[in-house]
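Data first, discussion second: the structure below is written as structure tokens.
Coordinate-derived values only; no laboratory data. This one's a predicted model, so the numbers in the text were calculated from it and none came from an experiment. All Cβ positions, even for glycine, are placed from backbone atoms using ideal geometry, and neighbour counts span all protein chains on display.
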Amino acid sequence: MSTPTSIINRFFALIIDFIITLMITFFFNRFIPFGWFFSVILRLVYDPIFLSSKAQATPGKYLMKIKITDLSGNRISFKTSLLRLLLSYCSAFFLILGYFFAFFNDRKQTFHDLFAGTLAVDQTEDLDQGLFHCWLDELKNIKTSFNR
């Protein structure tokens, strides 16, 4: 099993992802009618699409060499990733107390990791295909599952 990633790396990954989504949200709100709607949709699909892809990481997590797995070290589903995202809002809502859970357990799991059954671990292997293609494949898989 991979080793849990450091809390400081998780923090920097969160900042990188926040900046990316902030820039996209700014564009939506500035140049597109009903941009706020697209901003909400972005927040609801950003993490789930990236984390359920073969990369198992958002851009920020990938840059910080972090991937998200289930408790057995396997790739998580879109549904699990969406649950994790919604639980992360709970972690943040209550004075970010949910994030402090990582300081008090061996696997450095936050509140949302504990309840979604996920782990943030160090990314040790390189991707066979490019990062962009991993995410693009996940979008295709999601589209296919909606067409069934």
Quiz prompt | Proximal charge balance of residue 22 [Cβ under 13 Å; K/R count +1, D/E count -1] | solution = +1
Practice problem: Assign unit charges at the C-beta atoms only (+1 for Lys and Arg, -1 for Asp and Glu), then state the dipole size of the chain relative to its Cα centre in Debye, rounded to the nearest 20. | Solution: 340 debye
Exercise. Take each complete run of DSSP H in the chain, measure how far its Cα atoms stretch along the helix's own axis, and keep only those covering 15 Å or more with mean Kyte-Doolittle hydropathy at least 0.5; list them.
Key: 7-31, 35-51, 78-93
Quiz item: Excluding same-chain residues fewer than 8 positions from residue 140, which lysines have a Cα within less than 29 Å of its Cα?
Solution: 54, 61, 65, 67, 79
Practice problem: Evaluate E = 1/(1 + (r/R0)^6) for residue 44 and residue 105, where r is the Cβ-Cβ distance and R0 equals 25 Å; express this FRET efficiency to the nearest 0.05. | Solution: 0.35
Self-check item: Nearest-0.05 FRET efficiency for residue 136 and residue 2, computed from C-beta distance (R0 35 Å)
Solution: 0.90
Quiz prompt | Cα shape, region 7-147, gyration tensor, a/c 1.5 rule | solution = oblate
Practice problem: Give, as a single signed number, the net charge of other residues whose beta carbon lies under 15 Å from the beta carbon of residue 4, with Lys and Arg counted +1 and Asp and Glu -1. | Solution: +2
